[in-house]
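The structure appears below as structure tokens.
The values are calculated or read from the model by the stated rules, or taken from the named source; none is laboratory data. Owing to the predicted nature of the structure, the values given are computational and were not obtained by experimental measurement. FYI the Cβ positions are ideal-geometry reconstructions off the backbone, even for glycines, and counts take in every protein chain you see. Surface areas here come from the heavy atoms of the whole protein model, side chains and all, with no ligands, DNA or RNA. Shrake-Rupley method; radii C 1.70, N 1.55, O 1.52, S 1.80 Å.
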There are 2 protein chains.
Amino acid sequence: VHLADLPTPALLVDGPALAHNIATMAAARPGPELRPHVKAFKSTAIARELVAAGHDNFCCATVREVEVMAAAGLGADLLLANEVLDADRLGAVADRGARVTVAVDSEETITAAALGGVREVLIDVNVGLPRCGCRPGDAASLAEMARATGLEVRGVMGYEGHLMDWTDRAAQAAEVEKSMAQLVAAHADVGGDVVSGGGTGTYDVNHWVTELQAGSYTLMDSHYARLGLPFRQALYLLTTVISVHPDGWLVTNGGLKSLAMDHGNPSIAGERGDRGEVFFCSDEHTTITGRPGAAVGQHVWLVPAHVDPTVAKHEMLHVVDGERVVDHWPIDMRHW
Amino acid sequence: VHLADLPTPALLVDGPALAHNIATMAAARPGPELRPHVKAFKSTAIARELVAAGHDNFCCATVREVEVMAAAGLGADLLLANEVLDADRLGAVADRGARVTVAVDSEETITAAALGGVREVLIDVNVGLPRCGCRPGDAASLAEMARATGLEVRGVMGYEGHLMDWTDRAAQAAEVEKSMAQLVAAHADVGGDVVSGGGTGTYDVNHWVTELQAGSYTLMDSHYARLGLPFRQALYLLTTVISVHPDGWLVTNGGLKSLAMDHGNPSIAGERGDRGEVFFCSDEHTTITGRPGAAVGQHVWLVPAHVDPTVAKHEMLHVVDGERVVDHWPIDMRHW
């Protein structure tokens, strides 16, 4: 299949770029030192590429992601790095033979895990991002409570998400050290083998976690690109010009229903020699200016501003190598 | 089923509010004076409610929406209010007995419609929004070209999307009049019975279209709510508090993968006595401040900022009447 035969809008993965990204990270964080976060790509096909690169343990954000990974035979060690109250479905996955660990940060989430039949937990420690996680000083008592409930406490996790997109990387590294000092202190109180945290944006400056929770590096987006990391853009929205107005703009057939907007507009893939500037996106359109000579029917490659929620909008990833479409990977971990 | 039994995040439709909205619009724009836009709700179940209210003709934004509407027996008169180059699928729908009309604004889209087997078109006229549509003065020659290709030209369409969310409604009405004057002039050149345009935000000030293309009024969002229209909020994201931090914030389990962010953060449903303020959304979380006394396990109802792309993220609409869940409607017109 050739690109020209693909109905648009279509979400593309540049196969060689994906392979480069997976190999680059596997060299930096080999085997269990990386716990790839499936929320970024939501496809068991990409998870299998990561297994082939040596990573057997995965991180999930939703119960559905855990269920689908386990059903696909990828349940060696699944961490739901999030609090849940309806843990019955997780317990059912564990009963079917997968190893399931869940994050807890309160009495209620500990009770839910135990009642739901989950056997292993991490104490989720807040390390600066105003989101989930207990105060570092409360980790020990939560671990004690969890153990008293019969749960195995494997260690701690703490996500420095507020530091993920700092472009001043020296300042970022200093803040990551402070943030992780809180996690290391909590770990000393809690015990266990696991100190889980980090992400694509701190993959080379977080030296304190035993396992890094990175996922976006596989596909990348224009927001992470600003950091100058050694990962290549592998995700594109292929769109087609459906209208050219004589006053100087064109319209493609991919819009905000196929692109996440929380990090702003998509960009135009510059390295392909394309020109122009995204003016605005509406539901099924992107209006582009500054591209004289454009013709109805031409392709425009857009780079999403935020990888995770862009992928979550699509049914399929089309794997390309140059102009050839070499595979179609279902995005099979969507929804909840 | 009771709300407490619904896994969260869950997209809810307030059944009585939906019925109120449909009845209010049907009184203002009865029968064929409204061509409801299915892109707002993407559910054939809601389309059936609209048929029951007297509207048989529908507006679509994607080929998939046309296909699913026709397959559901709702193909009396389907307008794809968008340009397409791969019109073969539309022709196939027409061949199976549905009435399919497509918007055209160029030689290429006219040729595509004819080659694809579509029989009827509208000339799409640009009336001020920098998106699709020809110059008003070019409508006549495009109509001539379409007729020469054997296509039936039913009339014109022109969407004044740039005027849809003006809160100064007197100023809005004046601009709509200017915008529609261009469409009316083009219609005089083109002929045919149809002058299609407008939307929820101009439903009561656009007096020039023969049929209004409104969809958002069925479910509404916090963005349209600012206009003070007589439509009630009918769409909510039901979330559950999964973490409460002693420093004063709480976290719910619905985030930007279940809420569109292009019009900004969601709001908290005030009429239910809920309190607090949305601080930020991440993939699967919303952090809320200013809500003392919140407890893990409580529900928080969020109001999406933009209805159409929020609905497109979900598999199912759960219809509620008070605290009872009375129906489950598949969102069966997603993707492309």
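Some notes on this structure:
- Total accessible surface hidden between A and B, rounded to 100 Å², 1.4 Å probe: 4500 Å²
- Where N is the number of residues in the range A:279-330, Cα Rg divided by 2.2 N^0.38 Å: 1.38
- Within straight-line cross-link reach of B:LYS39, lysines at Cα separation under 29 Å, skipping those fewer than 8 residues along the same chain: A:LYS39, A:LYS42, A:LYS257, A:LYS313, B:LYS178, B:LYS257, B:LYS313
- Net charge contributed by nearby residues that have their C-beta within less than 12 Å of A:ALA45 (K/R +1, D/E -1): -1
- Ranked by solvent-accessible area (1.4 Å probe, protein heavy atoms only, all chains present), the residues B:THR287, A:THR167 order from largest to smallest as A:THR167, B:THR287.
- Taking the square roots of five times each eigenvalue of the Cα gyration tensor of the range A:255-300, the equivalent ellipsoid has semi-axes of 19, 12, 9 Å, listed largest first.
- Debye log10 I(q)/I(0) for the range A:95-137, one point scatterer per Cα, at q = 0.19, 0.22 Å⁻¹: -0.59, -0.73
- Ordered from highest to lowest accessible area with the whole protein assembly present and a 1.4 Å probe, B:ARG29, B:ARG135 read as B:ARG135, B:ARG29.
- What separates the A:GLU315 label point from its copies, with the point 7 Å along Cα to Cβ, is 1.4 nm, written shortest first.
- When both bridge partners sit in chain B, DSSP labels roughly 50% of those beta bridges antiparallel.
- Cα-based Rg / Dmax (Å) for the range A:1-61: 13.5, 41
- Axis-proximal residue, chain B, for the rotation superposing B on A (Cβ, Å): B:MET261, 3
- For the peptide B:101-111, the mean number of other protein chain Cβ atoms found within 10 angstrom of a residue's Cβ is 3.
- Positive end of the dipole of the range B:244-310 (Cβ unit charges, origin at the Cα centre): among B:ALA294, B:PHE279, B:HIS306, the Cα lying farthest that way belongs to B:ALA294.
- Label 7 Å beyond Cα on the Cβ vector: B:ARG99 copy-to-copy distances, nm: 6.4
- Rg and Dmax, both from the Cα atoms of chain A and both in Å, are 21.1, 72.
- 4 °C / 1.567 mPa s Stokes-Einstein diffusion coefficient of the protein assembly as shown, Kirkwood radius on C-alpha pairs, µm²/s: 50 µm²/s
- Each pair of Cα atoms in the range B:51-107 enters the Kirkwood radius, and Stokes-Einstein at 4 °C and 1.567 mPa s then converts it into a translational diffusion coefficient of 114 µm²/s.
- Pairwise FRET efficiency - B:THR289 versus B:ASP5, Cβ, R0 = 51 Å, nearest 0.05: 0.95
- Around B:ASN253: net Lys/Arg minus Asp/Glu count, Cβ-Cβ under 10 Å: -3
- Mean-position separation - Cα centroids, the range A:302-322 and the range B:131-190, in angstrom: 34 Å
- With R₀ fixed at 60 Å, the C-beta to C-beta distance from A:ALA23 to B:ALA23 puts the FRET efficiency at about 0.50.
- Only helices enter the 222 nm calculation for chain A: every DSSP H run of n ≥ 4 contributes -39,500 (n - 2.57), and dividing by all residues gives -8000 deg cm²/dmol, rounded to 500.
- Size descriptor for the range B:115-226, Kirkwood hydrodynamic radius: 14.5 Å (Cα pairs only, one decimal).
- The range A:50-71 versus the range A:80-104: alpha-carbon centroid distance in Å: 12 Å
- Exam field: B:PRO246 pseudo-label spacings to other copies (7 Å along Cα-Cβ), nanometres: 7.1
- Neighbourhood charge, 11 Å Cβ-Cβ cut-off, centred on A:LEU115 and excluding it, Lys, Arg +1 and Asp, Glu -1: -3
- Percent of beta bridges antiparallel (DSSP, the protein assembly as shown, rounded to nearest 5): 50 percent
- Here, the range B:182-336 yields an orientationally averaged convex hull projection of 11.8 nm² when only Cα atoms define the hull.
- Cα-centred dipole magnitude for the range B:127-257, charges only on beta-carbon of K, R (+1) and D, E (-1), debye, nearest 20: 260 debye
- With contacts taken as Cα pairs under 8 Å and at least 6 residues apart, the range B:1-148 reaches a relative contact order of 14 percent.
- Shielding by partners for peptide A:117-130, expressed as the average number of C-beta atoms from other protein chains within 10 Å of each residue's C-beta, is 1.
- Kirkwood Rh (inverse of mean 1/r, distinct Cα pairs), the range B:1-132, angstrom: 16.1 Å
- Under 5 Å between amide hydrogens, built in the peptide plane, is the criterion, and for B:VAL320 it picks out B:VAL13, B:ASP14, B:GLY15, B:VAL326 among residues at least 5 positions away or on other chains.
- FRET efficiency, 1/(1 + (r/R0)^6) with R0 51 Å, evaluated for A:PHE280 and A:HIS207 via beta carbons: 0.75
- Other protein chain Cβ atoms within 10 Å, averaged over every residue that makes up A:258-267: 4
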